[in-house]
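No lab work stands behind these numbers, since they all come straight from the coordinates. Worth saying up front: this structure is predicted, and the values here are computed from it rather than measured. Virtual Cβ from ideal backbone geometry, glycine too; neighbours counted across all protein chains shown.
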Amino acid sequence: MPKQHAFEYVAGTTPTTAGDSLAIIYGNDATLRRWAIETLVGDGDWTQFDGETTRWKDLKDDLATASLFDFDAGDKRTLAVRSADKFVSNHRTELEKYVAAPGDSTRFVIELDSLASNTRLYKAANKDHLLVYCGNNTDTKQGVTAATRRKFLTGYIASRHQVKLAAGAADALVEMLGEEIGMLDTEIAKLALYVDVGGKIEEPLVRDVVAGWQGKTVWQITDAIASGDAAEALKQLDKLFTGGQKAIALLPQISWSLRRLGMATTIIEQRERTGRPWQFEDILSLASIRRPAEIQSAKKQLQSMGRPRAIQLLGWLLDADLRLKGTHSAEGRDRFLLEQLVLRLARSS
């Protein structure tokens, strides 16, 4: 069975009978992984094992033993190894043999943060079993685009909370909060309290409610960064962390305006290298800065920041995004990374 994305699998837009004996659920979004497992298991019982400590010998007998209470194939019990990256690494040979010829007594689910497509495990699951990708990063090759994410938010998640969600509202949520589905689901649940059951959440409501003091604080951080006031930027960042915000959600908000400044600076550099004339307003418009108040603010920020820092913005922000989703994704390291980024961005020119 070819790989599916959780946006489709969880929403039920691609029905399948695969996964009766074995399923691999993988990707960086923990909420999507959990929903995919729950979709597979349904109302049935399932036993979880910790992938950090579980060994193959702890599982092999259970995998070969049917439950006394399973009266039909649809009721077979499920054994799931959660956070199984270490488990797979330690027992790859045994797993490859099992995946090639899984038993009929139980359903075996392996949940991973990542799985390379060139492994035997991936290829076997992609051919004969259920393989569900649960990544949230925009990647057209993996089936994650702005359109597929928007459809999932306005369809599946909105219906979970008995509301309708406008496309513009969905895009605004991603813009302000990032791509983590759990965070987006939580915010839509909060927004649902502002409308009647079956009512529609529009973009203005999202910007008023979700931004609020948080949006003001993010603006203060970016303004402090542009002016080189690292102490003030860190002070405001601490407020957001104290308020329960996570680094993975804060980075896209902080990056949003800074990325546009970086784009504007890059365009200016390109124009100057080719000897083409330019006007500030035209450059800012190309970087999606068009409102009069935004234009004046962007001019002031670029002048305060200086060309040497501004030209490095895009590279610094991309580096932080990749590290936050990789080496610095753990709690504690994520905050350190964001504080380190703010210090780098706010240093005096």
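How large is Rg/Rh for the chain, to two decimals, with Cα atoms and a Kirkwood Rh? Rounded to two decimals, Rg over Rh is 1.05. One quarter of the convex hull surface built on the alpha carbon atoms of region 145-283 amounts to 10.1 nm², the projected area averaged over directions. For the chain, DSSP calls about 5 percent of its internal beta bridges antiparallel.
Could you pull out every residue, at least 5 positions away or on a different chain, whose amide H is within less than 5 Å of the one on LEU22? Hs are placed 1.01 Å off N in the peptide plane, and Pro or chain starts have none. Answer set, sorted by chain and number: PHE108, LEU130. What shape does region 190-349 have by the C-alpha gyration tensor, where a ≥ b ≥ c are the square roots of the eigenvalues, rounded means a/c under 1.5, and otherwise prolate means a/b greater than b/c and oblate the rest? Verdict is oblate for region 190-349. The packing ranking, built from the mean of other Cβ atoms within 10 Å per residue, places the peptides 230-241, 319-330, 162-173 in the order 162-173, 230-241, 319-330, highest first. Listed by number, the DSSP H helices of the chain that run 24 Å or longer by alpha-carbon position along their axis and have mean Kyte hydropathy of at least -1.0 are 247-273. Using a cutoff of 8 angstrom between alpha carbon atoms and counting only pairs six or more residues apart, the relative contact order for the chain works out to 16 percent.
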